[in-house]
Amino acid sequence: MEETDSANPDTPPTKGPAAPDVPAESPFPKRSVAEWLRTRFSEGQRFIILCLIAGLLCGLAAVGIHLSIHGVFELAWEFAHHWESFGIPWWLVMPWIPAVAGLIVGVAVMRWAPNAVGSGIPQTKAAFYNEFGEIPLKTAVWRFVLTTIYVGGGNSLGREGPTVHMCAAIASSLGRSFGLAKSRVQAMVPVGVAAGIAAAFNAPISAIMFVFEEILDDFSTKALSGIVIAVVVSEAIARILLGEDPILQAHLGGQYGVQWWMLVAIPMGVSAAFIGQLFVSSLLGFRQWCADRLRMPDAIKPALGGLLLGVIGTGAFFATGLVGDPQNSVFSIGYESLKLAFESKLVVGAIAILLVAKFIAVVVCYGTKGSGGLFSPTLYFGGMLGALWGLLMLKFAEWSGLNPFEEGPRLIGACVLLGMGAMFAAIIRCPFTSLFIIFEMTGNYSLILPLMTGNILAYSLSGWMRKVPIYNAILIQDRVSLRKMPTYQGARDYRHLPVSTIMHYDLISVSAAETASEALARLRKDPKQMRRSYPVIQGDTESRRGFVGMVMQHELEEEEANGSDRTVGQMIADQKVRTITPDTVIRDAAMRMVKEDIRQLPVVSATDPNRLLGVLTLNDIARQQNAMSGHLGRE
């Protein structure tokens, strides 16, 4: 029915209810803020505006997770001591608090937040390159909650990596909510990463360097303006709320001239490289063991890690003789112990205990897939190693009769900083970030020469011992291909990298017990499962254990056309299976394909040859040979 205005019969009829009276001068009548921005500003202008907003939100989020972790840990410590009024000593209660935190995190990860495990930096890199930077906003919420519970509950990981993931999710969600093009949404991820690091460390230059070294893998300036804007805003928020000093304060109290003891940077860099790679190997190995061999529900594994951490942390607390603050042990982030080392308040025995205990605790917590990062533990390892070298230099000076150090604590503090930089370069593999982060923590330029020496030694030796850095190695363990990342494209001599960086992990398997007709009928139900070839599994096709060979699509079709009732296993019974392991270098795999005139090689576990991990094809190698780095921000 058409309605007319009863007060004025000459009014033209309208359909349905009368439209609301909106003033003509209203800037956004019946439009969302996103639509208003889209009509008023260009794509580039909207990007800059959103970078400013991202800096504000990321700064608040980074400060929030910092305060929440410390608050939760203080509550946990008070809760453990509360039981003493009932005659139960705190050290019987404390180990169970990280376990309960781990159980909560394990259940939440299994049911609602699968991407909230680990540090978050590998997931951020994978989303940036493989998903055009799309990270759901709920990821940020879960990261905040679960990292607060896990690390605040005393588990021995850091908050910087989760802060990066959380802030990347915030920035990515802003870009998608306000209608940016895919390339601009992708560019919002490094903006969030930089804002998060800047607020977490109170170190803006280091944040920018980290983005270019770890996320972008090159020094392109296309996203630099947005990154700088976000860093400035987030850093301002952090300084207003937390103060002007860096999170880990390290004031040297004066300049250092060039002195002979600075030669300690050489053995320190070497030792940091070896300890760093021992840590990386231990973490990756234990993580893989927990995933493959630890027979218990995945939701329980972080709880087991938390319980082991609780025992280790409590034992280290008593073994070192440190009393008072529980963070003097290996619980939670552990910066309090670093401050004691920097101020030369730890003896050799306590330093050694803390270094070994923290090493084991971090491997256990990360390997059982808790929610926390590796930045803080890395700095912790380096600081303790540096303290040991500093004390050794003091003893050497006394023994040799060289200039005795009147300012021993300043020397040890300097060695702690040198060790932190070298260990960061060895484990995280970001040498420029490791230089600037120490410089920004101290505001002192006089250590730059030994710092550069130790860092470049640690970085170079680590790269020689392990080709793939830790975050990329974690992605490979999780069967995420790295072939879209610039580091693994044509600009680098990729031939000496392992095949695990470019192989296919997303395989569709067929059972050796199926006939060709049964296999094809199952595969045709979902056209997305159709492939040129299929691995054949004798047993559990999901775990890919019992790999027996490969079968081609056309072979299955020919068998079906002939009406044969042979199983797939019988079809390939005479097949010669050629396999490689994930550590096989790409050059060797390519030469083998050419020599044997084959187009693909199954990749199996080095420890279990019957377990299939993926497939390497000639197309994968050709793609890497001809790959060109994409242009970030192109519309």
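The values are calculated or read from the model by the stated rules, or taken from the named source; none is laboratory data. Given the structure is predicted, the values throughout are model-derived calculations rather than measurements. Using ideal geometry, Cβ is built from the backbone for each residue, glycine included, and neighbour counts are taken over all protein chains shown. Just the protein is used for accessible areas: all its heavy atoms, side chains included, with ligands, DNA and RNA removed. Shrake-Rupley method; radii C 1.70, N 1.55, O 1.52, S 1.80 Å.
The selection criterion, being under 18 Å from G372 (Cβ atoms), part of a helix (DSSP H, G or I) and open to solvent by 10 Å² or more (accessible area, probe 1.4 Å), holds for H70. Only one entry of I65, I135 meets the criterion of being crowded, with 24+ Cβ neighbours inside 10 Å and outside any helix (DSSP H, G or I), and that entry is I135.
If you go through region 218-241 one residue at a time, do you hit one that is under 19 Å from L418 (Cβ atoms) and either at pLDDT 90 or above or under 22 Å from the mean Cα position of the chain (by Cα) (or both)? If you could, list the steps in order and put the result at the bottom.
Filtering region 218-241 for residues under 19 Å from L418 (Cβ atoms) gives none.
So far as region 218-241 goes, no, none of its residues is under 19 Å from L418 (Cβ atoms) and either at pLDDT 90 or above or under 22 Å from the mean Cα position of the chain (by Cα) (or both).
Listed by first and then second residue, the pairs with beta-carbon distance under 7 Å, at least 6 apart or on different chains, first residue in region 312-325 and more than 15 Å from W77 (Cα to Cα), second modelled with pLDDT of 85 or more and open to solvent by 40 Å² or more (accessible area, probe 1.4 Å), are I312/I360; A316/I353; A319/I353; T320/I353. Has region 570-581 got at least one residue that is modelled with pLDDT of 85 or more, open to solvent by 20 Å² or more (accessible area, probe 1.4 Å) and in a strand (DSSP E or B)? For region 570-581, residues modelled with pLDDT of 85 or more, open to solvent by 20 Å² or more (accessible area, probe 1.4 Å) and in a strand (DSSP E or B): absent.
In the set R159, R184, which member is open to solvent by 10 Å² or more (accessible area, probe 1.4 Å) and out of contact with any Cys (no Cβ under 9 Å at 6 or more places or on another chain)? Give the steps one after another, and end with the answer.
Working: R159 fails: open to solvent by 10 Å² or more (accessible area, probe 1.4 Å).
Checking each option against the conditions leaves just R184.
Please find, within region 589-608, the residue that is modelled with the lowest pLDDT out of those that are touching a strand residue (DSSP E or B) at 6+ places or on another chain (Cβ under 8 Å) and open to solvent by 30 Å² or more (accessible area, probe 1.4 Å).
Here is the first cut: in region 589-608, the residues touching a strand residue (DSSP E or B) at 6+ places or on another chain (Cβ under 8 Å) are 589, 592-593, 599-605, 608.
Narrowing further to those that are open to solvent by 30 Å² or more (accessible area, probe 1.4 Å): 592, 599-600, 608.
On the way: R592: 87, R599: 85, Q600: 87, D608: 82.
Among residues in region 589-608 that are touching a strand residue (DSSP E or B) at 6+ places or on another chain (Cβ under 8 Å) and open to solvent by 30 Å² or more (accessible area, probe 1.4 Å), the one modelled with the lowest pLDDT is D608.
A count restricted to region 73-99 and to residues that are surrounded by fewer than 23 Cβ atoms within 10 Å (Cβ to Cβ) and β-branched (V, I, T) stands at 2. I'm told I197 meets every condition in (1) open to solvent by 30 Å² or more (accessible area, probe 1.4 Å); (2) at pLDDT 90 or above except one. Can you identify the failing condition by its number? Unmet for I197, out of (1) open to solvent by 30 Å² or more (accessible area, probe 1.4 Å); (2) at pLDDT 90 or above: (1). Output yes when any residue across region 187-206 is in contact (Cβ under 8 Å) with a residue 24 or more places away in the chain, farther than 30 Å from S332 by Cα and over 15 Å from the mean Cα position of the chain (by Cα), and no when none is. Scanning region 187-206 turns up at least one residue that is in contact (Cβ under 8 Å) with a residue 24 or more places away in the chain, farther than 30 Å from S332 by Cα and over 15 Å from the mean Cα position of the chain (by Cα). Close contacts from region 454-467, counting a first residue that is within 20 Å of C415 (Cα to Cα) and assigned to a helix (DSSP H, G or I) and a second that is of a type in the set (A, V, I, L, M) and open to solvent by 60 Å² or more (accessible area, probe 1.4 Å), with Cβ to Cβ under 9 Å and a gap of 6+ residues or different chains, come to G454/I266; L457/I266.
Out of all the residues in region 369-379, is one or more open to solvent by 40 Å² or more (accessible area, probe 1.4 Å) and either in contact with an Asp or Glu (Cβ under 6 Å, 6 or more places away or on another chain) or not in a helix (DSSP H, G or I) (or both)? Step through it out loud before you land on a result.
In the first step, residues of region 369-379 are kept if they are open to solvent by 40 Å² or more (accessible area, probe 1.4 Å); the result is 369.
Going one step further and asking which of them are either in contact with an Asp or Glu (Cβ under 6 Å, 6 or more places away or on another chain) or not in a helix (DSSP H, G or I) (or both), we end up with 369.
Yes, because at least one residue in region 369-379 is open to solvent by 40 Å² or more (accessible area, probe 1.4 Å) and either in contact with an Asp or Glu (Cβ under 6 Å, 6 or more places away or on another chain) or not in a helix (DSSP H, G or I) (or both).
In this structure, I353 does not qualify as outside any strand (DSSP E or B), modelled with pLDDT of 95 or more and open to solvent by 20 Å² or more (accessible area, probe 1.4 Å). Of the residues G443, G413, the single one that is open to solvent by less than 10 Å² (accessible area, probe 1.4 Å), over 23 Å from the mean Cα position of the chain (by Cα) and modelled with pLDDT under 90 is G413. Within region 148-162, identify whether any single residue is hydroxyl-bearing (S, T, Y), closer than 30 Å to L309 by Cβ, in contact (Cβ under 8 Å) with a residue 40 or more places away in the chain and assigned to a helix (DSSP H, G or I), and answer yes or no. Yes, the conditions are met somewhere in region 148-162. F79 meets the conditions (1) without any contact (Cβ under 8 Å) to a residue 60 or more places away in the chain; (2) more than 20 Å from G313 (Cβ to Cβ); (3) part of a helix (DSSP H, G or I); (4) among the hydrophobic types (A, V, I, L, M, F, W, C) in every case but one. The failed one is (2). Starting from residues that are of a type in the set (K, R) and assigned to a helix (DSSP H, G or I), keep the ones in region 582-607 and report whichever is farthest from N472 (Cα to Cα). Ranking the candidates gives K595 first.
Which residue out of L103, L92 is out of contact with any Ser or Thr (no Cβ under 6 Å at 6 or more places or on another chain), more than 25 Å from E160 (Cβ to Cβ) and assigned to a helix (DSSP H, G or I)?
Working: L103 fails: more than 25 Å from E160 (Cβ to Cβ).
Within the list L103, L92, the selection yields L92.
Selection within region 556-569: residues that are open to solvent by less than 30 Å² (accessible area, probe 1.4 Å) and closer than 16 Å to A521 by Cβ. The member of this set that is farthest from the chain's Cα centre (by Cα) is E559. Pairs linking a residue in region 601-619 that is of a type in the set (K, R) to a residue that is open to solvent by 60 Å² or more (accessible area, probe 1.4 Å), with Cβ atoms under 9 Å and 6 or more positions apart or on different chains, are R611/R545.
Could you check how many residues of region 106-132 are among the hydroxyl-bearing types (S, T, Y) and not in a helix (DSSP H, G or I)? Steps first, please.
To start, the set of residues in region 106-132 that are among the hydroxyl-bearing types (S, T, Y) comprises 119, 124, 129.
Now narrow it down to the ones that are not in a helix (DSSP H, G or I): 119.
Summing the residues that are among the hydroxyl-bearing types (S, T, Y) and not in a helix (DSSP H, G or I) in region 106-132 gives 1.
Scanning region 521-555 for residues that are aliphatic (A, V, I, L, M), surrounded by 18 or more Cβ atoms within 10 Å (Cβ to Cβ) and not in a helix (DSSP H, G or I) yields V536, I537, V548, M550, V551.
The condition of being assigned to a helix (DSSP H, G or I), farther than 15 Å from R623 by Cβ and either modelled with pLDDT under 85 or not β-branched (V, I, T) (or both) does not hold for L507.
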